[in-house]
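Below: the structure, in structure tokens.
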Amino acid sequence: MKDWIYLDNAATTKLDSRVLEEMLPYMEDLYGNPSFLHGLGKQAHNAIQIARKQIADSINATSEEIYFTSGGTESDNWALRSAVEGYAQDKGMHIITSSVEHHAVLRTLRYLEDFGFEVTYLPVDETGLISIEDLEKAIRPDTVLISIMFANNEIGTIEPIQQIGNIAHRHNILFHTDAVQAFGNVLIDVNKMHIDFLSASAHKFYGPKGVGFLYARKGINLFPMIYGGDQESKMRAGTENVPGIVGIGKAAELAYRNRLDNIIKTERLRDYLIEEVLKEIPDSKCNGSRHKRLPGNANFSFVGVDGETLMQLLDMQGIYVSSGAACNSDSIEPSHVLKAIGLSDEMARSSIRISLGNDSTKREIDATIKGLKRCVETLRKFSEIYK
Ligand SMILES: *Cc1c(COP(=O)(O)O)cnc(C)c1O
């Protein structure tokens, strides 16, 4: 029996034992290099093709549109840089994104700004949603790319991807979406949604760390991420991470096959958590959207409580949650996402994210509600602001 409660699944998930089982042979006996087509090499090569098909099937793409990467960050970097390198000359140097993107997108765009690209950062409403009207108004003749995340990693808000895709398509603008949080939790159809680039990462859906994929629509002028050998259609050279790729393929297959059950079960538990916390703890607030929300995401602010301290108190009781965004945890700046939905610095700093996984249980949630209530009461006793 594990003696902790893990509720930080938006930061990373546990490797599914069925995924590990598929990977292990490729770390031991099946160590061939997929580029060398003798027996062992061929087995590795075939394993990669199977994984590519598993990924493609899960988003209604074809195998040739899937490129393996080291994770979500690389896929985001690649999509954005590829779009501008391939199309800026014809289309122009204007990019539209949102103010709540992951740093993998925001910092790549900052880099591009240094090269003369102009970026419009769409605001979001108090639930974290962009406005379709704002998007349409932001479009210019020189807009080359729209990059809007599928679902937010901090507050779980699911953006209107279908509508955004329609608009991008109608204006002949490339559309990238960071689907790292969405994959496995939301139905994704790259054709129906007119998505040109999509990023995902295995460790967010019960696969191994250090492997992800980029979907790039067929016919798109992709630029190489890494130069070298012929791997990944010469677009990302270097000997493949075979066990990782086998793992992401299996994880995608499992996520796709079980998604409806997982979504329903997790959503139910999450709604219970949110309702109980708001009922049991006075002066608490749930951040984000009530319904357009990832199944496992809950994000709260507690008046007069420091989120970082609250996280540490829970940690001491073996309850693992995150304060703000994981990527921000060593900076004292309040999260850009919570600021974008209009929270004061004060309220942004008093927030924690609780992210449930497919294996979260009612018992764990009950224990968490109890622990949370006790910790918030304790901290408020010592709070100068909370009276
Ligand atoms: C985790 C995450 C990333 C980064 O993925 P890595 O695989 O850790 O590089 C990018 N975008 C979002 C929305 C994420 O949640």
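The values are calculated or read from the model by the stated rules, or taken from the named source; none is laboratory data. In this text the structure is predicted, and so the values were computed from the model without any measurement. Cβ: placed from backbone, ideal geometry, glycine included. Neighbour counts: every protein chain shown. All accessible areas refer to the heavy atoms of the entire protein, side chains included, with ligands and DNA or RNA removed. Shrake-Rupley method; radii C 1.70, N 1.55, O 1.52, S 1.80 Å.
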For this session: Taking a cut-off of 18 Å between Cα atoms, list the aspartates and glutamates near residue 42, but don't count ones fewer than 8 places away on the same chain.
Result: 22, 28, 29, 230, 232, 240
For this session: Under 1.5 on a/c is rounded, so check that first for the chain, then, if it is not, pick prolate when a/b is larger than b/c and oblate when it is not; a ≥ b ≥ c are the square roots of the alpha carbon gyration tensor eigenvalues.
Result: oblate
For this session: Evaluate E = 1/(1 + (r/R0)^6) for residue 40 and residue 387, where r is the Cβ-Cβ distance and R0 equals 51 Å; express this FRET efficiency to the nearest 0.05.
Result: 0.15
Exercise. Cross-link list 209/285; 209/279; 53/218; 279/381; 339/362; 250/292: which exceed 26 angstrom alpha carbon to alpha carbon?
Worked result: 209/285; 209/279; 339/362; 250/292
Exercise. For labels at residue 272 and residue 137 in the simple 7 Å Cα→Cβ model, what's the distance in nm?
Worked result: 4.4
Problem set entry | Heavy-atom accessible area order for 45, 203, 291, largest first, 1.4 Å probe | 291, 45, 203
Exercise. So what's the angle, to the nearest 10 degrees on a 0 to 90 scale, between helix 362-381 and the longest Cα principal axis of the chain?
Worked result: 50
Exercise. If amide H atoms are built 1.01 Å from N in the plane of the peptide, which residues on other chains or at least 5 residues away come under 5 Å of the amide H of residue 5?
Worked result: 319, 320
Problem set entry | residue 237/residue 292 FRET efficiency (R0 45 Å; Cβ-Cβ; nearest 0.05) | 0.70
Problem set entry | Cα-based shape type of segment 186-235, given that a ≥ b ≥ c are square roots of the gyration tensor eigenvalues and the cut on a/c is 1.5 | oblate
For this session: Please work out how much accessible surface residue 58 shows to a 1.4 Å probe, ignoring ligands, DNA and RNA, in Å² rounded to 10.
Result: 10
Exercise. Ignoring ligands and nucleic acids, what accessible area does residue 57 show with a 1.4 Å probe (Å², nearest 10)?
Worked result: 80
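Of the beta bridges DSSP finds with both residues in segment 17-257, what % are antiparallel, to the nearest 5?
Looking only at bridges with both residues in segment 17-257, the antiparallel portion is about 35 percent.
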For this session: For every helix of n ≥ 4 consecutive DSSP H residues, a contribution of -39,500 (n - 2.57) applies; sum these over the chain, divide by its total residues, and give [θ] at 222 nm rounded to the nearest 500 deg cm²/dmol.
Result: -13000 deg cm²/dmol
For this session: Mind jotting down the distance between the C-alpha centroids of segment 169-207 and segment 70-127, whole Å?
Result: 15
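Contour minus end-to-end for residue 258 and residue 64, with contour as 0.36 nm per residue of separation and end-to-end as the Cα-Cα distance? Please report the intermediate quantities before stating the final value.
Values: separation 194, 0.36 × 194 = 69.84 nm, distance 2.48 nm.
Difference between extended and current length: 67.4 nm.
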Exercise. Let a ≥ b ≥ c be the square roots of the eigenvalues of the Cα gyration tensor of segment 254-345; is it rounded (a/c under 1.5), or, if not, prolate (a/b larger than b/c) or oblate?
Worked result: prolate
For this session: Provide the per residue accessible area, probe 1.4 Å, for the chain, rounded to a whole number of square angstrom.
Result: 45
Exercise. Can you list the residues, at least 5 places off or on another chain, whose amide H is less than 5 Å from the amide H of residue 157, using H built in the peptide plane?
Worked result: 152, 289, 294
Exercise. Sorted by packing (mean other beta-carbon atoms within 10 Å per residue), highest first, where do 213-220, 105-112 land?
Worked result: 213-220, 105-112
For this session: First compute the accessible area of the chain with a 1.4 Å probe, then give the percent of it belonging to carbon and sulfur atoms.
Result: 53
Exercise. In whole Hz, what ³J(HN,Hα) sequence does segment 93-105 give by Karplus (6.51, -1.76, 1.60; θ = phi - 60°), x for Gly and Pro?
Worked result: 10, 10, 10, 10, 9, 10, 7, 10, 5, 5, 4, 4, 8
Exercise. Could you give the angle, 0 to 90 degrees to the nearest 10, between helix 72-91's Cα long axis and the longest principal axis of the Cα atoms of the chain?
Worked result: 60
Problem set entry | Degrees, to the nearest 10: 242-280 long Cα axis against longest axis of the chain | 20
Exercise. So how much accessible area does residue 16 have, in Å² to the nearest 10, using a 1.4 Å probe?
Worked result: 30
Seminar exercise, completed: With label points set 7 Å from each Cα along the Cα-to-Cβ direction at residue 316 and residue 125, the distance between them in nm comes to 4.2
Problem set entry | Spin-label model distance (nm) - residue 367 vs residue 209, 7 Å beyond Cα toward Cβ | 2.3
